[in-house]
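Peer 1: Structure provided below as structure tokens; questions to follow.
The values are calculated or read from the model by the stated rules, or taken from the named source; none is laboratory data. Keep in mind the model is a prediction, meaning the values are calculated, not measured. Here the Cβ is made from the backbone with ideal geometry for all residues, glycine too, and neighbour counts use every protein chain on show.
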Amino acid sequence: MGMQQGLLARMRSLGLIAQVSNEAELVAHLDGGSRTVYCGFDPTADSLHIGNLVPLLALRRFQLAGHKPILLVGGATGMIGDPGGRTSERELKSAAVVQDFVSKIREQASAFLDFDCGETSAVVVDNAEWTEKLSAIDFLRDIGKHFSVNAMIQKETVKRRLEDDSQGISYTEFSYMILQSYDFVVLNKRYDCTIQMGGSDQWGNITSGMDLIRRMNSRQAYAITYPLITNSDGTKFGKSMGNAVWLDQHKTSPYSFYQFWRNCADADVIHYLKIFTFLDNAELARLAAAHAQDPGQQLAHKALAAAVTQLVHGEDGLAAALRISAALFSNTLASLAEVDLEQLAQDGLPVTEVDAESMGLLDALLASGLAMTPRGEVTLGQARKLVQSNAVVVNGEKTTDLEMMLSRKTALYGKYQLLQKGKKTHHMIVMR
RNA sequence: GGAGGGGUUCCUGAGUGGCCAAAAGGAUCAGACUGUAAAUCUGACGCGCAAGCUUCGGUGGUUCGAAUCCACCCCCCUCCA
């Protein structure tokens, strides 16, 4: 059996497939040679986040199976905003901002694919390249002509917005589908790209693209969607402390990144191992068994966190994450050497430097940002509440003393104050 | 342009003159229990130690007193032209 054989079946067994168009034909198509697959990423921020990891790693699977991946950055469509998955109109970003996002995402995504392996080398394209040149007349005559509004309003993403009494949909967002369809046509012509992959909310857009290829290029194309990732408890996937988990180490440190995976729910861990790592079946089975046998050991969690952190941040990033985690969670602060504490700061433990010789605990909670209310403001009242509710640990010791002073005398090695809020939020104050 | 319906604290969504810093649920944060899990229970959830202060699309009125009444304006939705 060749490497590419059974790719679809393999992905399905990993839970990576939501829908495919014409499965029998698609399987034959994939088995029949090296194909070109594309997946689009909208530049909605200056970094990708872990949700984007799903298609990114899926593209890599295709490449490993002998196909050519195209990563499309939506410099044009990002200017417009996909109505899918949204209940309200997007805010439009300026061209300069989108351009900046595009270049950052291009660079970031490139780390996951091989760009130098001959025929199947990955390619990055920006749809602004062809979409910007499109005149309104050409757009309407050559492309718009092929779209039936009757069909478009039947698409799930559009229908939902039409049926919502409190929100409408602008013509701009309504047109998103057409531009995405055109992307597929262009890539089909240029690269003989025959497969588009996207989240299951993209199904409507992808199949429109297939239709457009049939009409404009008289070719057969295919659609593959992956299920949108959900947490078993119904909360939104990919949030940590209310923030997105980014791939950019300056936005989410390798340590925080590691902790995110380390803390995922039991019910999700095996599922995530399948989606976010490249572990083989034997290893997956071994971890699943271990997890079922003794979930308290969290072997699967540790394996997941290690594998994904390594994938995204490399060996060094993983090592740093492990170092901090070990120091903070094994309660061995007292035994840490001064170099260890310095290392924690370098490894990405959040740090605040202060000039004062001493400062009140409450001020420290403010300065560190730990005293953040559920709404996201840092307030003195919240600092008090935390201390009073027994949630604060200073240098390994719980304290409920509102008046407590942090001085060089109480500091570790005369300068480090390690604050802990709750069970797993840590912050270091360094007294210069 | 016309007719109608809406804009409330992070979200959903009650509230039509004082009892409203504003019901309820969700989300979030913390505590207990645990395994850095889930579920559950408890507390917090505009700011402030407090007195008090600032909020209910905006501005200006009426009133002892307004999220609630009036005027104008802005924004959203639906239908008609």
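Peer 1: Please specify each residue of the stretch A:130-161 satisfying the condition of being loosely packed, with under 13 Cβ neighbours inside 10 Å and modelled with pLDDT under 85.
Peer 2: Across the stretch A:130-161, the qualifying residue is only A:E156.
Peer 1: Checking the conditions here, which among A:S330, A:S368, A:S325 is crowded, with 18+ Cβ neighbours inside 10 Å and under 30 Å from A:H271 (Cβ atoms)?
Peer 2: Residue meeting the stated conditions: A:S325.
Peer 1: Further, regarding this structure: For the structure I just gave you, tell me whether A:R141 is away from RNA strand B (no atom under 15 Å from the Cβ), on the phi < 0 side of the Ramachandran plot and charged (D, E, K, R).
Peer 2: Spelling it out, A:R141 is indeed away from RNA strand B (no atom under 15 Å from the Cβ), on the phi < 0 side of the Ramachandran plot and charged (D, E, K, R).
Peer 1: So, restricting to helices (runs of 4 or more DSSP H) that lie completely within the stretch A:284-381, which ones have at least 3 residues that are in contact with a strand residue (DSSP E or B) (Cβ under 8 Å, 6 or more places away or on another chain) and at pLDDT 95 or above?
Peer 2: Qualifying helices (runs of 4 or more DSSP H): A:361-368.
Peer 1: A further question follows. List every residue pair whose Cβ atoms sit under 7 Å apart, with the two residues 6 or more apart in sequence or on different chains, where the first one lies in the stretch A:198-223 and is in contact (Cβ under 8 Å) with a residue 40 or more places away in the chain and closer than 22 Å to A:A28 by Cβ and the second, anywhere, is in a helix (DSSP H, G or I) and hydroxyl-bearing (S, T, Y).
Peer 2: Pairs found: A:A223/A:T207.
Peer 1: Let me ask another. Given the conditions (1) assigned to a helix (DSSP H, G or I); (2) of a type outside the set (F, W, Y); (3) more than 10 Å from RNA strand B (Cβ to nearest atom), report the number of the one that A:I224 does not fulfil.
Peer 2: Against the list (1) assigned to a helix (DSSP H, G or I); (2) of a type outside the set (F, W, Y); (3) more than 10 Å from RNA strand B (Cβ to nearest atom), A:I224 comes up short only on (1).
Peer 1: Taking only the stretch A:391-400 into account, find how many residues are modelled with pLDDT of 95 or more and assigned to a loop (DSSP other than H, G, I, E, B).
Peer 2: The qualifying residues number 1.
Peer 1: In the stretch A:205-220, how many are in contact with a helix residue (DSSP H, G or I) (Cβ under 6 Å, 6 or more places away or on another chain) and among the small types (G, A, S)?
Peer 2: Within the stretch A:205-220, residues that are in contact with a helix residue (DSSP H, G or I) (Cβ under 6 Å, 6 or more places away or on another chain) and among the small types (G, A, S) number 2.
Peer 1: Would you mention how many residues in the stretch A:255-269 are surrounded by 15 or more Cβ atoms within 10 Å (Cβ to Cβ) and either outside any helix (DSSP H, G or I) or more than 12 Å from RNA strand B (Cβ to nearest atom) (or both)?
Peer 2: Here the count works out to 2.
Peer 1: Right, another one. What is the one condition in (1) over 24 Å from the mean Cα position of the chain (by Cα); (2) under 15 Å from A:V73 (Cα atoms); (3) within 16 Å of RNA strand B (Cβ to nearest atom) that A:Y176 does not satisfy?
Peer 2: Unmet for A:Y176, out of (1) over 24 Å from the mean Cα position of the chain (by Cα); (2) under 15 Å from A:V73 (Cα atoms); (3) within 16 Å of RNA strand B (Cβ to nearest atom): (1).
Peer 1: Additional query: Could you tell me which residue of the stretch A:71-89 is modelled with the lowest pLDDT, considering only residues that are surrounded by 23 or more Cβ atoms within 10 Å (Cβ to Cβ) and among the β-branched types (V, I, T)?
Peer 2: Of everything passing the filter in the stretch A:71-89, A:T77 is modelled with the lowest pLDDT.
Peer 1: What number of residues within the stretch A:273-302 are within 9 Å of RNA strand B (Cβ to nearest atom) and in contact (Cβ under 8 Å) with a residue 12 or more places away in the chain?
Peer 2: Of the residues in that region, 6 qualify.
Peer 1: Still on this model: Look at the stretch A:31-59 and say how many of its residues are modelled with pLDDT under 95 and over 17 Å from the mean Cα position of the chain (by Cα).
Peer 2: 3
Peer 1: Just a yes or no: is a residue in the stretch A:404-412 touching an Asp or Glu at 6+ places or on another chain (Cβ under 7 Å) and farther than 19 Å from A:A326 by Cα?
Peer 2: The answer is yes, given that some residue of the stretch A:404-412 is touching an Asp or Glu at 6+ places or on another chain (Cβ under 7 Å) and farther than 19 Å from A:A326 by Cα.
Peer 1: Take the conditions within 11 Å of RNA strand B (Cβ to nearest atom) and out of contact with any Gly (no Cβ under 8 Å at 6 or more places or on another chain) and apply them to A:A367. Does it pass?
Peer 2: No.
Peer 1: Condition first: free of Cβ contacts under 8 Å to residues at least 60 places away in the same chain, more than 9 Å from RNA strand B (Cβ to nearest atom) and not hydrophobic (A, V, I, L, M, F, W, C). Now tell me which residues in the stretch A:378-405 satisfy that.
Peer 2: A:E397, A:T399, A:T400, A:D401, A:E403
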